[in-house]
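Reading through the structure tokens given below for one structure.
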Amino acid sequence: MKLLFAFLALFFIQTYSEAQEQNRDQADLTTYASTFEYTKKIQKEIEEVKDLPADKFFKNIDRYRESIEKYFEHKKRVCNGEFSTIILTEGAESKTAKTNKLSVEERKLCFREMKALQTTYINYMFLARKRYLDFLHERRIAELMEARKEAIDSLQSSFAPSDSKNSRR
């Protein structure tokens, strides 16, 4: 009996978490009135990646990456025709569903747009990561110089004539 309850609890938790994830994905898409607004939001985020300050790069990049990668996954599915628009038309007695699929030209355009955004994202990510690595490099060079200075100072102080030696003479 306990095993049955444990199994049901695990099943419920898994189902609930999957439903939450689907609701979150749907909320991301439905918070924008149109696909164009969603694309504009992603374009804005890609621009923000380019200008991300080096000292905040590590803290913030995962949030941007997650959002942008989710967009590209969604866009790829749209371009492949996995999401088709359903238009309901009212007949005299019933409603019929008609699906609109992307034409070959529309698919090419969709993938071309996605490729352009991905290329921009890769280039801007490169700039942000390069700025971050330069920042880290400068910081480590400064630390190395400070360690060298401390080592030389320590060496100098250990070989410097002390007052106690001079007073004995």
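The values are calculated or read from the model by the stated rules, or taken from the named source; none is laboratory data. Everything quoted here is computed from the prediction, not taken from an experiment. Glycine also receives a Cβ, built like all others from the backbone with ideal geometry; neighbour counts cover every protein chain displayed.
What to note about this one:
Yes/no per residue for (1) surrounded by 11 or more Cβ atoms within 10 Å (Cβ to Cβ); (2) at pLDDT below 90:
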| residue | (1), (2) |
| --- | --- |
| LEU88 | no, yes |
| GLY91 | no, yes |
| ALA97 | no, yes |
| LYS101 | no, yes |
| GLU106 | yes, yes |
| PHE111 | yes, no |
| GLN118 | yes, no |
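- Residue match in the stretch 49-63 (condition: under 14 Å from TYR121 (Cα atoms), small (Gly, Ala, Ser) and either exposed (fewer than 15 other Cβ atoms within 10 Å of the Cβ) or at pLDDT 90 or above (or both)): no
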